[in-house]
Structure formats: C-alpha cells, structure tokens
Amino acid sequence: MSILECFSENDVSSYYSASANKPMAFPSLCGDEAADICVVGAGFTGLSSALHLAEKGYKVIVIEAETLGFGASGRNGGHVGIGQRQDQQYLEDKFGHEVAATLWHMGLEAVDTVKELIQKHLIKCDLKHGNVHFAHRAKYSSELEQEIAFLDSRYGFDQLEYVPKERLSEVIDSDAYHGAMVDRASKHLHPLNFLLGMAAAAVAAGVTIYENSRVTTYEGTPVVVKTSTGQVTASEMILACNGYIETLEPKINGYIMPINNFVLATEPLSDELAAQVAPLDTSMSDSRFVINYWKLSGDNRLIFGGGENYRRGFPSDIKGFVRKYMLQVYPQLANTKIDYGWGGTLAITLNRLPHFGRVEDNIWYMQGYSGHGVPTATFAGKLIAEAITGKLERFDLIANLPTPKFPGGTLLRWPGMVAGMLYYALRDRF
Ligand SMILES: Cc1cc2nc3c(=O)[nH]c(=O)nc-3n(C[C@H](O)[C@H](O)[C@H](O)COP(=O)(O)OP(=O)(O)OC[C@H]3O[C@@H](n4cnc5c(N)ncnc54)[C@H](O)[C@@H]3O)c2cc1C
C-alpha cells in the first residue's frame with residue numbers, strides 16, 4: 001500500500017464536500033499535450049500558481065492525481081492567519097530585522113491575496129473576519145501580551161488586543177482559558193469553496209486541468225511530465241504536492257513530514273448557542289502544541305479541529321476522536337450531534353518555515369507550510385508567478401531560509417519525530 005493510500009482515505013465525508021458550491025469535474029490526461037508550465041497538484045499552491053501564471057499570459061496545464069481539493073486544501077480549518085507559522089520574535093532573532101520584516105509584510109499580503117481573489121472572482125466561500133487566540137496556561141497569557149506589545153512597537157501593528165481572564169466572557173463561553181488575543185486582521189472561510197472558486201477563475205483565464213491523473217515520473221529539458229495514460233511537455237514544472245508528494249521527487253521529500261490532523265462539524269447550532277460559542281463570529285484557536293482550532297460555518301455549525309496522529313492511517317472514529325477535544329472547551333455541547341468527521345494530511349518542516357526552491361532551473365517546488373497554508377500556499381502562487389517572470393527576489397527570500405532535513409531521511413524520520421511530537425502533545429495534556 002502506498003503512503004498516500006495509507007494517509008488519506010478517499011471517502012472524505014467532510015462538511016466541506018457536502019456543502020461544496022458547484023461540483024466541477026475534469027477529464028484525465030490522455031495522449032500528448034504541451035504547455036509553457038505544467039503544475040502537479042490541484043490544491044491552493046497548484047491552482048493559485050496556475051491562475052497567477054495564466055493571468056500573465058502563460059499556457060498552463062494542471063495535473064491532479066485525485067480530484068480538486070482532495071488534499072489538505074479541501075479539508076482544512078479554513079483559518080486565514082496573519083504572519084508566518086513561526087512567531088515574529090523568532091524570525092527577528094534568527095534572521096535579523098530586515099528579513100523578518102519582509103516576512104511579516106508578506107504574511108499580511110498573503111491574507112490580502114486571499115481576500116482579493118475572493119473579491120475579484122466573486123467567490124462564495126463564507127469569508128468572515130478575525131481570530132481569537134486563547135492561552136491554555138496562565139504563563140501563555142503574558143506571552144500573548146508581550147507579543148502584542150512587540151508587534152505594536154516593532155511594526156506599528158495595532159490590530160491586536162489583549163483580553164485578560166476576567167473579561168474572557170466577552171469572547172467565549174468557556175472556562176478552559178486564562179487569557180486571549182483578539183486579532184482583527186486574520187480571516188476565515190470555507191476552504192473547498194475558496195478552492196473551487198480559484199479553479200473556476202483559473203479555467204476562465206485559460207488553464208487546462210486534468211483530474212484522476214497521477215504523475216508518475218518526469219524527465220528532460222523541456223520537461224516531459226508523465227502519467228500512466230499521457231504526458232505533458234512544458235518549459236517549466238511546478239511541484240505543488242505538499243504532504244502527498246510521496247516518492248515523486250526524493251530530493252525534496254526528506255525536508256517535510258506528512259502528519260494527519262482531524263476535524264468535525266456539528267449539526268447547525270441555534271442562534272443562541274452559536275452566539276455563546278463564538279460571540280464575535282471569528283475563528284478561534286489555542287496555545288496547545290497540538291492546536292485546537294474552531295469557527296462557525298456559514299450555517300452555524302461548529303467546525304472544530306483538534307488532535308492529530310503521526311502514524312499511517314486515520315482513527316476509525318474521527319468524530320469521537322475530535323469530540324473529546326471540543327468538549328474540553330465547550331462541555332455545554334455534550335448533547336450536540338456531530339454530523340461530520342474527517343481528516344487530512346499536511347506537511348510540516350522541522351523549523352516550521354515554508355520550503356520553497358528549485359530541483360533544476362526549470363523545476364520549482366513550494367511545500368511545508370506547517371499548518372499555515374491557507375494564506376501561504378495561496379500566496380506561493382503569486383510568488384512563483386513573479387519568479388517565473390524574472391522577479392526572483394521574494395521567492396528567493398523564502399527559498400533561502402534554512403530548512404533542515406528530517407534526521408533519518410524519508411524512512412527513518414518517523415521514530416524520532418513521532419517521539420518528539422508525542423512528548424510535546426503529552427506535555428500539553430498534563
Ligand atoms: C485537517 C487540516 C486542517 C488544517 N487547517 C488549516 C487552517 O485552518 N489554516 C491554514 O492556514 N492551514 C491549515 N492546514 C494546512 C493547509 O490546508 C495546507 O498547508 C494547504 O492546504 C497546502 O496546500 P497545497 O496545495 O500545497 O497542498 P494540498 O492541498 O495537499 O494539495 C496537494 C495535491 O497534490 C496532489 N498530488 C500529490 N502527488 C501527486 C502526483 N504525483 N500527481 C498529481 N497530483 C499529485 C494531491 O492529490 C493533492 O490534491 C490544515 C491542514 C489539514 C490537513
């Protein structure tokens with residue numbers, strides 16, 4: 001059985017697929033095709049790249065092994081967070097102010113890019129605004145306060161507000177937390193509908209998409225990208241496979257680790273209960289190592305993500321697996337029915353920085369968003385379009401960030417990583 005089969009069960013009974021706007025279907029690749037650019041993978045990275053490049057006049061073909069949004073892009077929490085996955089103080093300490101500041105501004109631009117795509121292409125995807133981040137231990141409350149003060153003094157960023165324990169009832173009906181940070185700049189959305197809207201925009205811009213067409217190998221310059229039933233000859237190729245890349249390109253596979261994360265959707269909540277659960281109707285998240293993240297959907301369901309595993313395969317009862325985390329935050333939902341439970345696979349890097357670069361001059365890759373891919377993978381499409389048109393600075397800034405390989409390579413990265421991840425997850429619990 002392949003890693004992909006082990007990780008991501010095909011029958012995703014997610015709330016997102018059940019509430020997808022308009023089903024879109026594309027043929028498989030058969031025979032020989034030619035393009036300027038061949039994109040492998042139809043998640044946010046692949047489709048945003050295709051759209052931005054087609055808008056610059058390139059002929060683009062996207063090849064997807066399964067169907068649109070099969071990967072993490074069609075299954076995630078839909079949080080569109082500001083900044084990078086690593087906090088800003090870390091980036092300043094590691095890379096100095098100039099690089100850190102550029103990354104900060106790119107992080108804000110990534111959120112704006114999502115918003116602009118939605119506005120420009122009239123994508124209906126339940127876009128809402130704001131996030132509240134909760135401290136699950138008292139010591140993390142003071143860290144939130146420090147972060148707010150740091151971002152204000154260093155970057156003049158005034159979209160964050162600290163909420164002390166005694167005022168928490170203004171932002172949540174739960175005793176689980178010690179303090180919070182209200183962030184007015186982040187956003188949240190229905191990720192699969194955002195993705196389908198991007199796909200429709202890409203097709204309108206001239207992009208050709210093939211589904212159910214797994215790329216098995218590629219070779220040569222110009223590159224010939226092969227599936228079992230056809231091939232695309234292109235000047236450039238973009239690998240946009242993230243946690244699902246498997247063995248397609250061993251040179252980049254060892255820099256990421258695929259992990260599974262799980263989500264549930266409740267039945268629609270009454271207006272009264274929804275207002276208790278999410279008084280500001282923002283997305284919400286907490287400071288646990290295995291982060292809990294949640295929000296209300298467009299039809300008032302609680303979409304709650306919590307729990308992950310580091311082995312091959314999903315838990316047999318995903319609803320029950322995630323529900324226990326939800327009840328730690330909202331015991332009042334004990335009688336609320338869980339309608340959907342699903343999982344997905346994302347790629348993390350060792351230092352949680354995105355991993356961009358080139359395998360050859362004309363073979364590009366972007367991966368390893370480490371749980372921050374809704375904005376960053378979408379933005380990656382904008383950056384690759386800049387890079388392929390000759391403006392390499394911003395792509396290269398990310399490509400030049402150090403990304404260590406996982407110790408032990410693709411086979412032996414598991415035991416050490418899993419032990420590490422489990423240690424931190426357990427430390428959170430006790
Ligand atoms: C449960 C979960 C919750 C998450 N929540 C959030 C969140 O709230 N906010 C956030 O910012 N991020 C979140 N993430 C992360 C985010 O979803 C990802 O970082 C992002 O979607 C990555 O996009 P991508 O296009 O690079 O990869 P993917 O969406 O995974 O797409 C890769 C695609 O490549 C295809 N592919 C792979 N190999 C081949 C091949 N050989 N031939 C053809 N096609 C191939 C796959 O089938 C897949 O469709 C979450 C992830 C998960 C799993």
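The values are calculated or read from the model by the stated rules, or taken from the named source; none is laboratory data. From a predicted model like this one, the values you see are computed outputs, not experimental measurements. Cβ atoms come from the backbone with ideal geometry, glycine included; neighbour counts cover every protein chain shown.
The table for this structure:
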{"quantity": "Enumeration of residues in region 231-245 that are in contact with a Phe, Trp or Tyr (Cβ under 8 Å, 6 or more places away or on another chain), assigned to a strand (DSSP E or B) and not aliphatic (A, V, I, L, M)", "calculated": "236"}
{"quantity": "Criterion (in a helix (DSSP H, G or I) and either crowded, with 16+ Cβ neighbours inside 10 Å or under 25 Å from the mean Cα position of the chain (by Cα) (or both)) met by exactly one of 180, 149, 185, 110", "calculated": "110"}
{"quantity": "Hey, residue 213 in contact (Cβ under 8 Å) with a residue 40 or more places away in the chain, of a type in the set (Gly, Ala, Ser) and in a strand (DSSP E or B) or not", "calculated": "no"}
{"quantity": "Residue list for region 354-370, filter: away from the ligand (no atom under 13 Å from the Cβ) and either over 21 Å from residue 406 (Cβ atoms) or surrounded by 23 or more Cβ atoms within 10 Å (Cβ to Cβ) (or both)", "calculated": "360, 361, 362, 363"}
{"quantity": "Cβ-Cβ under 7 Å pairs, at least 6 apart or on other chains, region 342-369 side in the same structural domain as residue 305 (by TED's automatic domain parsing) and under 14 Å from residue 242 (Cβ atoms), far side within 11 Å of the ligand (Cβ to nearest atom) and basic (Lys, Arg)", "calculated": "344/75"}
{"quantity": "Residue count, region 210-255 (criterion: near the ligand (Cβ under 10 Å from one of its atoms) and among the hydrophobic types (A, V, I, L, M, F, W, C))", "calculated": "7"}
{"quantity": "Complete set of residues in region 19-29 that are touching a strand residue (DSSP E or B) at 6+ places or on another chain (Cβ under 7 Å) and more than 15 Å from the ligand (Cβ to nearest atom)", "calculated": "none"}
{"quantity": "Failed item, numbered, when residue 86 is tested on (1) out of contact with any Phe, Trp or Tyr (no Cβ under 8 Å at 6 or more places or on another chain); (2) modelled with pLDDT of 95 or more; (3) outside the structural domain of residue 356 (by TED's automatic domain parsing)", "calculated": "(2)"}
{"quantity": "Residues of region 316-351 satisfying the condition of being under 30 Å from residue 405 (Cα atoms) and surrounded by fewer than 19 Cβ atoms within 10 Å (Cβ to Cβ)", "calculated": "351"}
{"quantity": "Considering residues of region 371-386 that are within 16 Å of the ligand (Cβ to nearest atom) and over 12 Å from the mean Cα position of the chain (by Cα) only, the residue nearest to residue 195 (Cα to Cα)", "calculated": "381"}
{"quantity": "Test: residue in region 120-127 that is out of contact with any Lys or Arg (no Cβ under 8 Å at 6 or more places or on another chain), more than 30 Å from residue 199 (Cβ to Cβ) and surrounded by fewer than 16 Cβ atoms within 10 Å (Cβ to Cβ)", "calculated": "no"}
{"quantity": "Top-ranked residue in region 35-73 [being assigned to a helix (DSSP H, G or I) and within 7 Å of the ligand (Cβ to nearest atom); ranked as farthest from residue 284 (Cα to Cα)]", "calculated": "46"}
{"quantity": "Any hit, region 166-173, residues being hydroxyl-bearing (Ser, Thr, Tyr) and within 26 Å of residue 117 (Cα to Cα)", "calculated": "no"}
